[in-house]
1. Which of the following residues is modelled with pLDDT under 95 and closer than 17 Å to Thr68 by Cα: Ala25, Ala12?
2. Could you tell me which residue of the stretch 234-243 is farthest from Glu295 (Cα to Cα), considering only residues that are of a type in the set (A, V, I, L, M, F, W, C), assigned to a strand (DSSP E or B) and open to solvent by 10 Å² or more (accessible area, probe 1.4 Å)?
3. Restricting the search to the stretch 268-282, which residues are over 16 Å from the mean Cα position of the chain (by Cα) and either surrounded by 20 or more Cβ atoms within 10 Å (Cβ to Cβ) or closer than 12 Å to Asn310 by Cα (or both)?
4. Could you say whether any residue in the stretch 66-77 is open to solvent by 30 Å² or more (accessible area, probe 1.4 Å) and aliphatic (A, V, I, L, M)?
5. May I ask you to list the residues in the stretch 23-38 that are among the polar types (S, T, N, Q) and in a helix (DSSP H, G or I)?
6. Applying the selection to the stretch 257-267, what residues are open to solvent by 10 Å² or more (accessible area, probe 1.4 Å) and within 14 Å of Val247 (Cα to Cα)?
7. For the stretch 187-206, what are the residues that are among the polar types (S, T, N, Q) and either at positive phi or open to solvent by less than 10 Å² (accessible area, probe 1.4 Å) (or both)?
8. Taking the condition within 17 Å of Leu139 (Cβ to Cβ) and of a type in the set (Phe, Trp, Tyr), does Trp215 pass?
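The values are calculated or read from the model by the stated rules, or taken from the named source; none is laboratory data. As the structure is a prediction and not an experimental result, all values here were calculated from the model. Positions of Cβ are backbone-derived with ideal geometry, glycine not excepted, and every protein chain shown enters the neighbour counts. Calculation scope for accessible area: heavy atoms of the full protein, side chains included, ligands and nucleic acids excluded. Shrake-Rupley method; radii C 1.70, N 1.55, O 1.52, S 1.80 Å.
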Amino acid sequence: MRYGGGMLGLAAAMWIVCALPLAAAERKTVPPGEGTLARAVAAAHPGDVLVLKPGLYTGGVIIDKAITIEGSPGSIVDGAGKGTVIRIIAADATVRGLTVRHSGIRQEDIDSGIFADKGGDRALIEGNRLEDNLFGISLRGATAAVARHNIVRGLQELRVNDRGDGISVWNATGSRAEDNDIRFGRDGIRSTSSHDNVFSGNRFHQLRYAVHYMWTDGGTVSRNLSEDNDAGFVIMFSRQLVIANNVSRGDRDHGLLLNFANDARIEGNDISNGGTECVFIYNANDNILTGNWFEGCPIGVHFTAGSERNSFSDNAFVNNQTQVMYVGTRSLDWATNGRGNYWSDNAAFALNGGDIADMPYRPNDIVDRIVWAVPLAKMLLNSPAVQVVRWAQAEFPAVTPGGLIDSAPLMRPPPRPAAPPQEATQ
């Protein structure tokens, strides 16, 4: 009886405990002031929403539970130049609607405005304004985190390479950065050793690189705008990416750079008015480039260093000073399945009225290669001897020692890709 009574008592106690209502999530208002936010976080329970009144809050806040911090217009969290302003170390936390400013500037500590650290899986960082932080938002070890609709204004006073990135992604598999507006700092979004990320609908201005990939495989870069940066989309040591429907306009060096970037699909991008090259391809292999528009650059595509098995079709090369710079000796054909590319300087004709020109197009001749190899040879470009060489190659193409040819050039350009949506932000 004692044994049975004890078991019954234990069962009754367990039933009472299970029947007790869980603490309901609360919506709590937090007044401004020194330390008020940190104390509110310490007292909060998972699921609580902390609503910040307008005013100034001190930084150095660590979010260690699944809560939401929600700002009102004028809610400012200031780091006073020390460390990271807000750090997330718990899963399913949200930071929304704040102005977050003045982190420290220690690169080795990755001082950030908002930092989703290891354990901060599925963090949601949205609708914030980040000002004068070394790194705006850092996603490091936090899987499936989301940063969206944020305005990031990075540092300007340090040298570019000493600044941090607008959004830094490291080992944050499956994370997303969407519809952010990023200006100043170093790179807009830098992804290192992360996989299967999505970066879409972002706008980048006055940076070193808009999007910078290092050792990152899988994922999508789409519908982004890069304007007035040193370079637009810089993809290095990465594989199996989709780079689609982005715009690079007026970037000073390259709109798109592929360096040891392999197995990517690059489609529907619009790259124009670059200062050096629309596209630079260096030792990049097995990529598909189709439906892109390259216009108004000194060089449309600079293709070098043994890049192999790349497919080019249905691209438009429009009014570039040099459409393609290729100095290799191998023979390459930029036509796929009977369709090549459109070349604005190709005086083409199609007697059958079709879409494919009757004659192949060769963007470079022997003289081009001599000038690239020996720049002083430019002084001879107007000489009769050079004109004879060019005439001979045009009449007898077999004398060309390898090089690039489009065997099925298009008579008309494909549709120009639509520009991504833009928002007026300050």
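1. Checking each option against the conditions leaves just Ala25.
2. Among those residues, the one meeting the criterion is Met236.
3. Ser272, Gly274, Glu277, Cys278, Phe280, Ile281, Tyr282
4. yes
5. Listed by number, the list holds a single entry, Thr36.
6. Selection gives Leu257, Glu267.
7. Within the stretch 187-206, Ser191, Ser193, Ser194, Asn197, Asn202, Gln206 meet the criteria.
8. Values: within 17 Å of Leu139 (Cβ to Cβ): yes; of a type in the set (Phe, Trp, Tyr): yes.
Considered against the rule, which asks whether it is within 17 Å of Leu139 (Cβ to Cβ) and of a type in the set (Phe, Trp, Tyr), Trp215 comes out as yes.
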